[in-house]
Amino acid sequence: MSDALSSHRAAAPNARAPALHAPARPRGLPLAVLGFVYLALLLAPLIIATLRGGPPRAWRDELASGLALVGFVVFFVEFLLSGRFRFVTGRIGIDRTMRAHQLLARTALIFLLIHPFLYTTALVPWELPFDPTGRVRLGLSGPSILTGVAAWLLLALLVILAIGRDRLPYPYEAWRASHGLGALLVAGLGTHHALEAGRYSADPWLAGFWLALFTLATFTLVHVYVLRPLGLLARPFRIEAVEKIAERTWSVRLREEKPGRFAFEAGQFVWATLDRSPFSLVEHPFSIASAPAELPRVEFVIKEAGDFTSRLDRLRIGGRAYLDGPHGNFTLAGRDAVGVMLIAGGVGIAPMLALLRQAAAARDRRPWLLLYGNRRADQIVYRDELEALRSRLDLGIVHVLGEPPADWTGERGELDRALLARWVELPRMADWLFFVCGPPAMIGVVENALVSLGIRRRRIIAERFRYDVG
Ligand SMILES: Cc1cc2nc3c(=O)[nH]c(=O)nc-3n(C[C@H](O)[C@H](O)[C@H](O)COP(=O)(O)OP(=O)(O)OC[C@H]3O[C@@H](n4cnc5c(N)ncnc54)[C@H](O)[C@@H]3O)c2cc1C
C-alpha cells in the first residue's frame, strides 16, 4: 500500500486532464431557472386572488386562504419533483430533489393542516342557531367540506407513512404505489374542495390554474408508470451473470440487446427492473459500476439490504432487464479537476469503480486517490482489479478497516476527520474534486470534515443511497 501512495504523491499535481468523457448532454435546467419558475407558481394564485378577489376580509381569513393557496401549489409541485424529469433533477441531482420533495411535503402539510383553523368564522357546514344569516360560519357545502376533510386527513396520513416507511409491515413497492395513488387522490379531493369552497378559487382564472396543475400531476404519474416503461421496451438488456464478489455483495452483469441505445456518464445510476417487465413496480436504484467504455456490458455491484437485494441469486441468467436512466450527476462531466479523490464507504464503491474504470479506459493522467472504508477485509470488492488499475492510472489506494485483522498495516477506524486530515493535502488538492459515496451518516461526517479541512463545498460531490431526510 505504501508503494501506491508514494507513486501517487510523486505525481505531477497540476497535470491537466484530457477530456474523459464525450461532451455532457443537456443536464437539466439551472437552479436559478427552477427557483424562478417555482416562485412564479407559488405567487400565481396569490396574484390572481389579489387582482380578482372580492372585498378584503379580516387578516386571519386572508392568511388562512393564502396558506391554503400556497400550500396547494407546493403540494402539486411535489409530483414534478418525484417524476424523474431530467429537466428538474439534471443539475441538482436526484437525491437533493428527493430531499426537497420530502421537506416541501412537510411545508405543504403544515400550511394545509393549519389553514382551516385560522378562519375567524366557524368551521361548520350547518346553520348555527345564534347566526341565522350565516355571517360567522364558513359557507361550505356538504360535499366540499367532505372533500376538504378527506384531503386534509389523507395528506397527513401520506406524510406520516412516508416518514415512518421503514417501519411499515409491507414492502417498499406497495408503499410507493400507495403513495403515488394516495397523492393523486389528495390532488383530486383538494381540487374539488378548492373549486367548491374556496372564495378565491371560484374565479375562473384560479379554477383554471388548479385544473392545469391537477392535469400536470396526473401526467407525472402516467409518465412514471406508463410512458417511461413503454419507452424502456425498446431498450432491453439480458442478465448475463450474477456472482457473489464479497461478503453479502454481488455483481450483476447485463448486456444491452440492441447496442447503442443506452448511454451514460461514469458515476450515474439507473432504476433497474431485473428479470421482470418494465411495468413492474419492483425496480431499484443502482449505480452503474462499469465504465461507459464497457458498453454494451453494464455491471452493478449490489449489497444485500432487503427482500430484493437478498435474493439476487434467484435472478434468471438470460432474463430480461430494463434500465430507466441514466440519472444523477455524480460525474466528472462538465467539471474541471486537476485531481480526484474518491471516498467510498462499503458499497459506495460502486460508482467509484465506474469512475476509475472509465478513467483507465480514457488514459486519464490526473492524480487519483481512493479512500475505501469497510468494516472487514472480506467486504472489500475487486481488490485485485483496484490494485491492477494502479498500473494504468496515477492512483493511490488507501484501504480503511473498522475491524482489521491482527496483521493489518493499513488505516484503521472510520472515514472521519482525523483520517481525512492525514490524506487531504492543501494547497495541492485545492482544485481537486472530492467524490463521496456511502452510508448517509458517513457522507455527512466526510462532507463536514472536508469543509473543515479547507475544501470548498462546491468541490465535494456526494451520492446518497437513501433519500430519507428522517
Ligand atoms: C441513487 C442510488 C444509487 C444506489 N446505488 C446502489 C448500488 O450501486 N449498490 C447497492 O447495493 N445499493 C445501491 N442503492 C441502494 C439500493 O437501491 C437499495 O439498497 C435497494 O433498493 C434495497 O432494496 P431491497 O428490496 O433489497 O430492500 P428494501 O428493504 O425493500 O429497501 C431498503 C431501503 O432501500 C430503499 N429502496 C428500496 N427500493 C427502492 C426503490 N425502488 N427506490 C428507491 N429506494 C428504494 C428504501 O430506502 C428502503 O427503505 C442505491 C440507492 C440510490 C438511491
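The values are calculated or read from the model by the stated rules, or taken from the named source; none is laboratory data. Values in this document were obtained by computation on a predicted structure and should not be read as measured data. Ideal geometry is used to build each Cβ from the backbone, glycine not excepted, and the neighbour counts take in all protein chains shown.
With a cut-off of at least 1 residues that are more than 21 Å from the chain's Cα centre (by Cα) and farther than 21 Å from Arg466 by Cα, name the strands (runs of 3 or more DSSP E) lying wholly within the stretch 207-314.
Values: elements: 237-246, 249-256, 269-274, 284-287, 297-303.
Ranges flagged: 237-246, 249-256, 297-303.
Does Leu419 meet the test of being more than 16 Å from the ligand (Cβ to nearest atom), touching a Lys or Arg at 6+ places or on another chain (Cβ under 6 Å), touching a residue at least 40 places away in the same chain (Cβ under 8 Å) and more than 30 Å from Tyr172 (Cα to Cα)? Give the derivation first.
On the way: more than 16 Å from the ligand (Cβ to nearest atom): yes; touching a Lys or Arg at 6+ places or on another chain (Cβ under 6 Å): no; touching a residue at least 40 places away in the same chain (Cβ under 8 Å): yes; more than 30 Å from Tyr172 (Cα to Cα): yes.
Against the criterion (more than 16 Å from the ligand (Cβ to nearest atom), touching a Lys or Arg at 6+ places or on another chain (Cβ under 6 Å), touching a residue at least 40 places away in the same chain (Cβ under 8 Å) and more than 30 Å from Tyr172 (Cα to Cα)), Leu419 does not qualify.
Give me a count of the residues in the stretch 285-298 that are within 12 Å of the ligand (Cβ to nearest atom) and surrounded by fewer than 18 Cβ atoms within 10 Å (Cβ to Cβ).
Of the residues in that region, 1 qualify.
In this structure, is Pro259 surrounded by fewer than 22 Cβ atoms within 10 Å (Cβ to Cβ), near the ligand (Cβ under 10 Å from one of its atoms) and not acidic (Asp, Glu)?
No: the conditions fail for Pro259.
Given the conditions (1) crowded, with 24+ Cβ neighbours inside 10 Å; (2) modelled with pLDDT under 95, which single one is not true for Leu371?
Status for Leu371: all satisfied but (2).
Among the residues of the stretch 439-458, is any touching a Phe, Trp or Tyr at 6+ places or on another chain (Cβ under 8 Å) and closer than 25 Å to Val338 by Cα?
Yes; the residues of the stretch 439-458 include at least one that is touching a Phe, Trp or Tyr at 6+ places or on another chain (Cβ under 8 Å) and closer than 25 Å to Val338 by Cα.
Anything in the stretch 315-351 that is within 10 Å of the ligand (Cβ to nearest atom), on the phi > 0 side of the Ramachandran plot and not in a helix (DSSP H, G or I)? List them, or say none. Steps first, answer last, please.
If we filter the stretch 315-351 for residues that are within 10 Å of the ligand (Cβ to nearest atom), which is where we start, we get 325, 327-328, 330, 346-351.
If we keep only those that are on the phi > 0 side of the Ramachandran plot as well, we get 325, 328, 346.
If the condition is that a residue be within 10 Å of the ligand (Cβ to nearest atom), on the phi > 0 side of the Ramachandran plot and not in a helix (DSSP H, G or I), then Gly325, Gly328 are the ones that fit.
Out of curiosity, is Thr309 of a type in the set (Ser, Thr, Tyr) and without any contact (Cβ under 8 Å) to a residue 60 or more places away in the chain?
Values: of a type in the set (Ser, Thr, Tyr): yes; without any contact (Cβ under 8 Å) to a residue 60 or more places away in the chain: yes.
Answer is yes for this residue.
Under 28 Å from Arg297 (Cβ atoms), within 16 Å of the ligand (Cβ to nearest atom) and not assigned by TED's automatic domain parsing to the domain that holds Val70: is that true of Val242 in this structure? Show your work before the answer.
Numbers: under 28 Å from Arg297 (Cβ atoms): yes; within 16 Å of the ligand (Cβ to nearest atom): yes; not assigned by TED's automatic domain parsing to the domain that holds Val70: yes.
So Val242 fits the description; yes.
Tally up the residues in the stretch 264-282 that are in contact with a Lys or Arg (Cβ under 8 Å, 6 or more places away or on another chain) and either near the ligand (Cβ under 10 Å from one of its atoms) or within 20 Å of Met352 (Cα to Cα) (or both), please.
4
The conditions are (1) surrounded by 14 or more Cβ atoms within 10 Å (Cβ to Cβ); (2) away from the ligand (no atom under 16 Å from the Cβ), and Trp250 fails exactly one of them. Which is it?
Result: Trp250 fails condition (2) only.
Any residue in the stretch 228-252 that's on the phi > 0 side of the Ramachandran plot: show its pairings with residues that are among the basic types (Lys, Arg) at Cβ separation under 8 Å, as long as the two are six or more apart or on different chains.
That search, which allows pairs on different chains as well, returns Arg248/Lys303.
Picking from Val381, Val301, which residue would you name as being within 9 Å of the ligand (Cβ to nearest atom) and β-branched (Val, Ile, Thr)?
Val301
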